[in-house]
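A quick write-up on the structure given underneath.
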Amino acid sequence: MINKLTLQSIINKYYLGENESVKWDIEDKTLEIKFMSLNKEVIGKLVHKNFDLEDSELAIFDTKKLLSLLNITTGDVLLELEKTHKIFTKISISDQDFNLSYALADTHLIGKVGTVSDTTWDVNINLEKEHVSNLVKAKSALSEIDNMIITTELDLNQELMCKFTFGDEHGHNNKITYQLYGDITDQNLKLPFNSNLFRTILNVNKDLDSGVLRISSKGLMKLEFTSGDTVCEYYLVRKESTNF
């Protein structure tokens, strides 16, 4: 048995509104899901312990459909697997009122997820729930604008800070800035990222127990979150369609 809300949270953490097709790898009650956006702007991995399902490799082809099925359930749900000739073909989902079936796909239909080589990180910031909430609020206030520039600079006390600017940083257009402090080694970092994607990732991880944001001057961001039995990591590449 697993709580419906817990299962939805697991799925949303990799789905991000667009990652439809993934493999669920289950071994010794540990679920691992690797995922990549269609434009390869985000690559990530989710690991959830105490996932009470038999060892298996499950091809989830239509994640949105799976979420739609889960939406009608309540409380705890029971997950059971069906297979034909040793091939898993279906997930049965049941609660006190409903019995649902979700058809599994052929694992060969699921695209291969790329890999990211770790790098030297110029910014390392511990994230708390308040930080995540404030960054989501800042982006949501300018929801129609997808510009986000991350810079490192000295504040009035000559301390290095990491500044997030949402909107157009130039001229008199609308913009919001928010700053965080941590282990920062590059004073002149300036990188553009997709703020819509950034907000989505933060939004589905607002239940974090702990989090870390890392940025490399090479144009890479890494976000790591721990929430209960779930650990997620996301790699985001900088936006290319800019003047930087």
I'm trying to understand the selection: among the residues of the range 13-45, which are more than 24 Å from Ile87 (Cβ to Cβ) and in contact (Cβ under 8 Å) with a residue 24 or more places away in the chain?
Lys13, Tyr15, Leu16, Gly17, Met36, Ser37, Lys40, Glu41, Val42, Ile43, Gly44, Lys45
Lone unmet requirement of (1) surrounded by 14 or more Cβ atoms within 10 Å (Cβ to Cβ); (2) of a type in the set (Gly, Ala, Ser); (3) over 26 Å from Glu233 (Cα atoms) for Gly75
(1)
Just to be sure, is Lys40 surrounded by fewer than 17 Cβ atoms within 10 Å (Cβ to Cβ), over 12 Å from the mean Cα position of the chain (by Cα), under 13 Å from Asp229 (Cα atoms) and not aromatic (Phe, Trp, Tyr)?
no
Filter result (in a helix (DSSP H, G or I), under 19 Å from Lys34 (Cα atoms) and of a type in the set (S, T, N, Q)) within the range 47-76
Thr63
Going through the range 129-141 in order, the residues found to be in contact with a helix residue (DSSP H, G or I) (Cβ under 8 Å, 6 or more places away or on another chain) and farther than 21 Å from Lys222 by Cβ are Ser140
Pick from the range 141-164, criterion hydroxyl-bearing (Ser, Thr, Tyr) and modelled with pLDDT of 95 or more, ranking: surrounded by the fewest Cβ atoms within 10 Å (Cβ to Cβ):
Thr151
Residue that is surrounded by the most Cβ atoms within 10 Å (Cβ to Cβ) [pool: residues in the range 194-219 that are on the phi < 0 side of the Ramachandran plot, more than 15 Å from the chain's Cα centre (by Cα) and not charged (D, E, K, R)]
Ile215
Within the range 133-165, residues being farther than 10 Å from Arg199 by Cβ and among the hydroxyl-bearing types (Ser, Thr, Tyr) number 4
Out of the strands (runs of 3 or more DSSP E) lying entirely within the range 127-205, which hold 2 or more residues that are within 27 Å of Asn39 (Cα to Cα) and among the hydrophobic types (A, V, I, L, M, F, W, C)?
147-154, 160-167, 190-194
State all residues of the range 101-115 that are in a loop (DSSP other than H, G, I, E, B) and surrounded by 15 or more Cβ atoms within 10 Å (Cβ to Cβ); if no residue qualifies, say none.
Leu104, Ile110, Val113
Would you be able to say whether some residue in the range 78-89 is outside any loop (DSSP other than H, G, I, E, B) and under 17 Å from Lys13 (Cα atoms)?
no
Which one of Ile87, Ile93 is among the hydrophobic types (A, V, I, L, M, F, W, C) and surrounded by 15 or more Cβ atoms within 10 Å (Cβ to Cβ)?
Ile93
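The values are calculated or read from the model by the stated rules, or taken from the named source; none is laboratory data. Since the model is a prediction, treat every value here as computed from it, not as a measurement. With ideal geometry, Cβ positions are generated from the backbone for all residues, glycine too; neighbour counts draw on all protein chains shown.
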